[in-house]
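Enquirer: For reference, the structure I am asking about is given below.
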Amino acid sequence: MTPRRRRLLTIAHSYCVALNRRLAHEMARAGGDRWEVTALAPRFFHGDLRPIRVEPQSGELCRLVAVPAHLSRLPQLFFYGRGLRALLRERWDFVHCWEEPFAIGGGQVAWSCTPATPLVFYTFQNIAKRYPFPFSAIERMCIERCIGWIASGEAVAQAQSGRGWNRKPYRVMPLGVDVELFRPDPAAGRATRERLGWGGEGPPVVGFLGRFVEAKGVDLLMRTLEDLGTPWRALFVGGGPMEPALRAWAQRHGDRVRVVGGVAHDAVPAYLNAMELLCAPSRTTPTWREQFGRMLIEAFACGVPVIGSDSGEIPYVVADAGLVVGERDEAGWRRALEELLQSPARRAELGARGRERAHAVYAWPIIASRHLEFFAELLAA
């Protein structure tokens, strides 16, 4: 008699972006005849860089269910609307919740699950914070309710291990990258530079990808570029409150700087391929430090060398596949940029190392299989 396929429900507000559902898709692929995977996403979410309506994806192996979302501008207060509770009351063999277990959305999932349903949380919280009520009560409830948890990185595991989470089994599992979409593509890079008005030869392009906010080190990168003696061009892709100041700075540098906003995730590889190196100069604040740095592994997969700060998870993500500089060491940033700008061979070496690391550690099929292995271990315990 053929064993029944286990039913897995994975929940995440980030699943409204089709590329972010690669985890669910690859779990369905890896699960084969052992796991049947359903992904739940909001119909609409106010993202960091743009508002997002749930994006369909042809050929997706997981089933997609979309429900309303409320207060999506406020991550800690966001909650799912009609449809979540009814779905969670179905018979599930496992529920995987990619919502923070101190936030309203995470607590809503824990509260709505039937008591017998195994539940695991996936957390990115890498600062051990003291939450006010009701968030402290939500976290305690989620700790008691779950049978295990997943930390997105080593810094997260260290921060959460003393908060009661150490009583539950856990694994460290990073985000993944689609190595089929994110890959070296010199032709796409040339075409992107031409669209930006950078046809022909020119100095190496220093890239930045993400939110234009002080915590991401945008101002540090601008100052460092101004102090360099080596020729450069700079490409900033993203959006955020610092965009007006960044565009004013770009105007002062004429043809050397381009600022591009409103880029969909699946269009990012063309911009990464237009860069000779990517900078992630994130800086820790009292309430935030870099939780992962998705742009790093996307650059790795495209063969683009990276320089990252030592904020939060970045040193663990980069390892020996790039350069890590102190988050406030401006002299160190100048030296690192000078080194890579002046040495195509060094850029090629780090680009190859990064691509190898993307395929060996961060490819979504690897990450998905690790998730299913952990779920099976918990069910067998």
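The values are calculated or read from the model by the stated rules, or taken from the named source; none is laboratory data. On a predicted model such as this, the values are computed, not experimentally measured, just so you know. Every residue, glycine among them, receives a Cβ derived from its backbone with ideal geometry; neighbour counts consider all protein chains shown.
Enquirer: Of the conditions (1) farther than 24 Å from R289 by Cα; (2) surrounded by fewer than 15 Cβ atoms within 10 Å (Cβ to Cβ), Q158 clears all except one; give me its number.
Expert: (1)
Enquirer: Just checking, how many residues over the range 108-130 are assigned to a helix (DSSP H, G or I) and either within 22 Å of the chain's Cα centre (by Cα) or outside the structural domain of L84 (by TED's automatic domain parsing) (or both)?
Expert: The number of residues fulfilling the criteria is 1.
Enquirer: Within the range 211-236, can you find the residues that are in contact with an Asp or Glu (Cβ under 8 Å, 6 or more places away or on another chain) and among the hydrophobic types (A, V, I, L, M, F, W, C)?
Expert: F212, L220, L228
Enquirer: Just one of (1) within 23 Å of the chain's Cα centre (by Cα); (2) farther than 21 Å from G303 by Cα trips up L235, so point out which.
Expert: The failed condition is (2).
Enquirer: Right, here's the next one. Out of the residues in the range 319-333 that are in a helix (DSSP H, G or I) and touching a residue at least 24 places away in the same chain (Cβ under 8 Å), which is nearest to the chain's Cα centre (by Cα)?
Expert: By that ranking, first place goes to W333.
Enquirer: One residue is enough: does the range 152-163 have a residue meeting the conditions closer than 26 Å to A336 by Cβ, assigned by TED's automatic domain parsing to the domain that holds P281 and part of a loop (DSSP other than H, G, I, E, B)?
Expert: For the range 152-163, residues closer than 26 Å to A336 by Cβ, assigned by TED's automatic domain parsing to the domain that holds P281 and part of a loop (DSSP other than H, G, I, E, B): absent.
Enquirer: When you check A116 against the structure, is it surrounded by fewer than 17 Cβ atoms within 10 Å (Cβ to Cβ), modelled with pLDDT under 95 and touching a helix residue (DSSP H, G or I) at 6+ places or on another chain (Cβ under 8 Å), yes or no?
Expert: Answer is no for this residue.
Enquirer: Give L246, L272 a once-over and let me know the one that is closer than 21 Å to E330 by Cα, assigned by TED's automatic domain parsing to the domain that holds E339 and either in contact (Cβ under 8 Å) with a residue 24 or more places away in the chain or surrounded by fewer than 17 Cβ atoms within 10 Å (Cβ to Cβ) (or both).
Expert: Result of the check over L246, L272: L246.
Enquirer: Exactly one condition in (1) more than 25 Å from T285 (Cα to Cα); (2) surrounded by fewer than 22 Cβ atoms within 10 Å (Cβ to Cβ); (3) small (G, A, S) is not met by A336; state its number.
Expert: (1)
Enquirer: Which residue out of A24, A39, A66 is small (G, A, S) and either not in a strand (DSSP E or B) or not assigned by TED's automatic domain parsing to the domain that holds S112 (or both)?
Expert: After ruling out the rest, the residue left standing is A24.
Enquirer: Next question, about the same structure. Yes or no: the range 70-80 includes at least one residue that is farther than 28 Å from P241 by Cα, in contact with a strand residue (DSSP E or B) (Cβ under 7 Å, 6 or more places away or on another chain) and assigned to a strand (DSSP E or B).
Expert: no
Enquirer: Residues that are within 30 Å of G351 (Cβ to Cβ) and touching a Gly at 6+ places or on another chain (Cβ under 6 Å): does the range 157-173 have at least one?
Expert: No, the range 157-173 contains no residue that is within 30 Å of G351 (Cβ to Cβ) and touching a Gly at 6+ places or on another chain (Cβ under 6 Å).
Enquirer: Out of the range 1-21, which residues are of a type in the set (V, I, T) and part of a strand (DSSP E or B)?
Expert: T10, I11
Enquirer: Grab the helices (runs of 4 or more DSSP H) fully contained in the range 202-308, keeping just those with 1 or more residues being farther than 16 Å from E338 by Cα and basic (K, R).
Expert: 243-252, 294-301
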